[in-house]
Amino acid sequence: MVGERVIWDLPRRWSPVIRVFPVIRLHFPVPFLRSTPPSNSTATSISASILTIMTDIARLTISLSGPDNIGKTTLLSLFPRTWPLEHVGGIPLFDPVMHAMITEGSLGTWWFGPLDIDGQLASLSGGASDDEFVQTILQACTARLEVAQGPGHADGRSKSIVVGGQTFSLPGSVLDRSSVMFEAVCVARIALRNSITVSEAEQRLSVILASKSASFPTETIRLLLRRAGTFEDAVEWCLKEEERSTPVTQVYRQYQLLLHEALERQVAAGRYTFVITRKKGETFMETLGKLTEALQRLCGVGNSWTPLLQNLRCCPAFGGLSECGKSTVATTTVSSAFFSSNGGAFRLKIGYLLELAGARLGRHIYDLPEDKQALELVHELDRFSRAHRWLKVITLESLHSYELTRRLRELIGNGVPGELSNTLDKPTNSSHSSASKLLVVYLDTPLELRCSRTEAQGGRFDASKDEVKRSRGADRIRDIADLVVDNGGEFSDTCEEVNRAVARFGV
């Protein structure tokens, strides 16, 4: 017979344990049910039991799944780094054979089999058998989840979280594609290689798993991204995105049709914790907002899941050629009485944020590809915004690279909300703040005026600076800017136009 007793007068050295897991209740045999505190030896024994319980508690695991080219990897990279999550690599990292095939460039043949000149399967003998394929994917998924679920720390570094009535430790792990999705991958691959239906492939997979007395593991929270529209629209969207970088073969097209169907059947069967629909044209910021809301609903609203750039309303980023007036306009924007009275504004240099990112990474930031630089810039901006949460406007200068600007706009931009008016009014769509934070401003200033302004300040115009900027595509930023301003007229008109655009973000 076992009784339950809550000990209130625990030794002081236990206090960190109780702070970490305040929900733990201790169960002891009846002889311990007494009014006097336990002896030192008993207390030591109980303390060891608590530590054992804590190290046995698995970490929270969150997976993000969805069809190819829907933006899973980009969205995961945008998860705020203040969230208590650690990214776990893809399954090839957990299987030496798959990892070697990626290095050799032979994974595609192993996955589908050899293709003929028309992109059709040439033979079934070149690829892995169904049994080998399932076994390899299953082992990799299992090994990955074992690492992701690693035991929580027992030294006060971890926190606990209750999801679905179960207690997990933080920091948790986040995975690109769930084990459930890889089950759908196996189904689609079996259907493709054997020319059978998805339903028949599901049955064949069940037989293979039963022969191994195995099943695919599952994460704590399984999020799925799906596309809005019809089934055919979703597949075509996927294929169009794929065609941007790689020719689409007939085998890949057929495989995607089967994979979409397998995923939809899993959704209908309730295999995912939360399903998020991504509309055509929806920005990454909008989708990230939906993911954030889903985690808040599943894990509870708190500081752990605060959105990316939560407090920032608008980030005007200025581009243009040398001496076009970027710094002057940014300074005037920051000092505007209108923005000062609506939460405040601050000027930042892009180079400063990138230097911080490089120091954090321990490497020269400019050695990274520009899309990676843009991502690190976003996270440094997020850190600065969180530390200065009263700031509603943060200006960035200067945009010298086309590719970095394009990627920034893709990650956190969506243009100017609503139509610009002649007054500093707020946008009619108040929800836009979650869809876009970036305002790319290109200042178009005639060469003669740039030269005269420089000379008026006692300087000498250096034409070589323009050549360097053009080599990086700085002049082409004009083509993707949200706002192109002719800075050849009255300076006050330029500032007024910029301020009107910023005000549209709800500042």
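The values are calculated or read from the model by the stated rules, or taken from the named source; none is laboratory data. Source: prediction; values computed, not measured. A quick note on method: Cβ atoms are made from the backbone with ideal geometry, for glycine too, and the neighbour counts reach across all protein chains shown. Remember, those area values only see protein heavy atoms, side chains included, never the ligands or the DNA or RNA. Shrake-Rupley method; radii C 1.70, N 1.55, O 1.52, S 1.80 Å.
Our coupling estimate for the stretch 388-394, obtained by passing each phi through the Karplus curve with A = 6.51, B = -1.76, C = 1.60 and θ = phi - 60°, is 10, 5, 7, 7, 9, 10, 10 Hz, Gly and Pro reported as x.
With a 1.4 Å probe and all protein chains kept in place, how do V187, V484, V97 rank by accessible area, largest first?
Details: V187 10, V484 55, V97 90 Å².
Most to least solvent-accessible, the answer reads V97, V484, V187.
For the stretch 468-478, the Karplus equation 6.51 cos²θ - 1.76 cosθ + 1.60, evaluated at θ = phi - 60°, returns couplings of 5, 5, 5, 5, 9, x, 4, 6, 7, 4, 3 Hz by residue, with Gly and Pro reported as x. Could you tell me which of the pairs K280/K326; K72/K437; K72/K465; K280/K392 are separated by over 31 angstrom between their Cα atoms in the structure shown? Pairs exceeding 31 Å: K280/K326; K72/K465.
May I ask you to compute the full-extension gain from R347 to A228, defined as 0.36 nm times their residue separation minus their alpha-carbon distance, rounded to one decimal in nm?
Details: separation 119, 0.36 × 119 = 42.84 nm, distance 3.90 nm.
Full extension of this stretch gives 38.9 nm more.
Quick one: net charge around R406, please, counting Lys, Arg +1 and Asp, Glu -1 for every other residue with C-beta under 11 Å from its C-beta.
Details: positive: R407, R409, R476; negative: E370, D371, E403, E410, D479.
Spelling it out: positives minus negatives among the neighbours equals -2.
The solvent-accessible area of V88, taken with every protein chain present and a 1.4 Å probe, is close to 30 Å². Electrostatic tally near P369: other residues with Cβ closer than 12 Å to its Cβ, Lys and Arg +1, Asp and Glu -1, net -3. Rounded if a/c is under 1.5, else prolate if a/b beats b/c, else oblate: with a ≥ b ≥ c from the C-alpha gyration tensor eigenvalues square-rooted, which is the stretch 295-407? Verdict is oblate for the stretch 295-407. Only protein heavy atoms count here; under a 1.4 Å probe, H400 has an accessible surface of about 60 Å². The listed residues T249, T283 rank as T249, T283 when sorted by accessible area, largest first, using a 1.4 Å probe. Of the residues Y252, S211, G344, the one whose Cα sits farthest towards the positive end of the charge dipole of the stretch 209-344 is S211 (charges of +1 on Lys and Arg Cβ, -1 on Asp and Glu Cβ, taken about the Cα centre).
Remark on T61: its backbone amide H falls under 5 Å from those of S173, T220, I221, a criterion applied only to residues 5 or more positions apart or on other chains, H modelled at 1.01 Å from N. Taking a ≥ b ≥ c as the square roots of the eigenvalues of the alpha carbon gyration tensor, the stretch 268-331 is oblate, as a/c is not under 1.5 and a/b does not beat b/c.
Rounded, prolate or oblate: which fits the stretch 215-326 when a ≥ b ≥ c are the square roots of the eigenvalues of the alpha-carbon gyration tensor, with rounded for a/c under 1.5 and prolate only if a/b beats b/c? Here the stretch 215-326 falls in the oblate category. Karplus-derived 3J(HN,Hα) values for the stretch 277-285, using 6.51 cos²θ - 1.76 cosθ + 1.60 with θ = phi - 60°, are 8, 9, 7, 5, x, 5, 6, 5, 5 Hz; glycine and proline are entered as x. In this view, the solvent-accessible surface of I161, computed with a 1.4 Å probe and all protein chains in place, comes to about 20 Å². Taking 0.36 nm per residue of separation and subtracting the Cα-Cα distance, full extension of the segment from A359 to D479 would add 39.9 nm.
Under the simplified labelling scheme, the E200-S245 pair shows an inter-label distance of 3.4 nm, with each label point 7 Å from Cα along Cα→Cβ.
Near the amide H of G473, within less than 5 Å, lie the amide hydrogens of Y402, all on another chain or at least 5 residues away, with H placed in the peptide plane. Other residues within the sphere of radius under 11 Å centred on the Cβ of L64, judged by their own Cβ, net out at +1 (K and R +1, D and E -1).
With a 1.4 Å probe and all protein chains in place, put K349, K159, K469 in order of accessible area, largest first.
Details: K349 95, K159 140, K469 25 Å².
Of K349, K159, K469, the descending order of accessible area is K159, K349, K469.
Between S129 and T74, what length comes free when the chain is fully extended (0.36 nm per residue of separation minus the Cα-Cα distance, one decimal in nm)? Present the calculation step by step, with values, prior to reporting the outcome.
On the way: separation 55, 0.36 × 55 = 19.80 nm, distance 3.23 nm.
Stretched out fully, the S129 to T74 stretch lengthens by 16.6 nm.
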